[in-house]
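The structure appears right after this line, and notes come after that.
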Amino acid sequence: MSHAGVRWALTTALALASAACGSGPGATTAPETQPAPAAPARFASATSRSYLTLGINSGAADAAGKPARAPCLTCHALRPASDANARATHLEKFHQGVVLKHGTLVCLTCHRSEGRDQLGLADGRALDYVSVKALCGQCHARRLEEYERGAHGGMTGYWDLSRGPRTRNLCVDCHDPHAPKIPQVAPAPQPKVTH
């Protein structure tokens, strides 16, 4: 409880005790008390992706000119999954362009063979795509801890949720899940100073 809340509770308790004890002639009236200040409103903290923005690049562009993505179930609702396709190189059609550079992982390390619209945790539990940070956090625990504290992963909005909402990035907003290492880039040149 805050100092103001404790002060309000003590003042109220004292006022009630005075009123109960001093009800005869010459009794003093209890001091008027102020209610405790209301807690500030808390805005939402959300993640930045919806399920429809996940999936595989279709090779086409949407109305805004951005790459159009096809959700996994576009095809996988029609074709049965096969554990024989544990690696992208085993696939004969659509995923042939997927290059996996993520340690020794194979497709079925993260993707479920029986539910292609979900990811699979190491213990076998299903996980929605928008909860991908739990999947990544199984191996990248330090990065997940940094993310939870706000030191890793970007966001838009407010850190102080009493001032406004916040939208956090997911791991896959910055890292390609199939090849997550971010390439080295040259730093921008220093600005020219004119005198």
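The set of residues from region 158-195 being free of Cβ contacts under 8 Å to residues at least 40 places away in the same chain, over 17 Å from residue 100 (Cβ atoms) and under 26 Å from the mean Cα position of the chain (by Cα) comprises 159, 160, 174, 184. In this structure, residue 123 does not qualify as free of Cβ contacts under 8 Å to residues at least 60 places away in the same chain, within 28 Å of residue 77 (Cα to Cα), surrounded by 11 or more Cβ atoms within 10 Å (Cβ to Cβ) and among the acidic types (Asp, Glu).
Taking into account only those residues within region 143-165 that are open to solvent by less than 40 Å² (accessible area, probe 1.4 Å) and touching a strand residue (DSSP E or B) at 6+ places or on another chain (Cβ under 7 Å), which is nearest to residue 128 (Cα to Cα)? Filtering region 143-165 for residues that are open to solvent by less than 40 Å² (accessible area, probe 1.4 Å) and touching a strand residue (DSSP E or B) at 6+ places or on another chain (Cβ under 7 Å), the one nearest to residue 128 (Cα to Cα) comes out as 153. Only residues that are at pLDDT below 85 and part of a helix (DSSP H, G or I) were counted in region 108-155, giving 3.
The values are calculated or read from the model by the stated rules, or taken from the named source; none is laboratory data. As the structure is a prediction and not an experimental result, all values here were calculated from the model. Note that each Cβ is placed from the backbone with ideal geometry, even for glycine, and that neighbours are counted across all protein chains shown. Please note that ligands, DNA and RNA were not included when accessible areas were found on the heavy atoms of the full protein model with its side chains. Shrake-Rupley method; radii C 1.70, N 1.55, O 1.52, S 1.80 Å.
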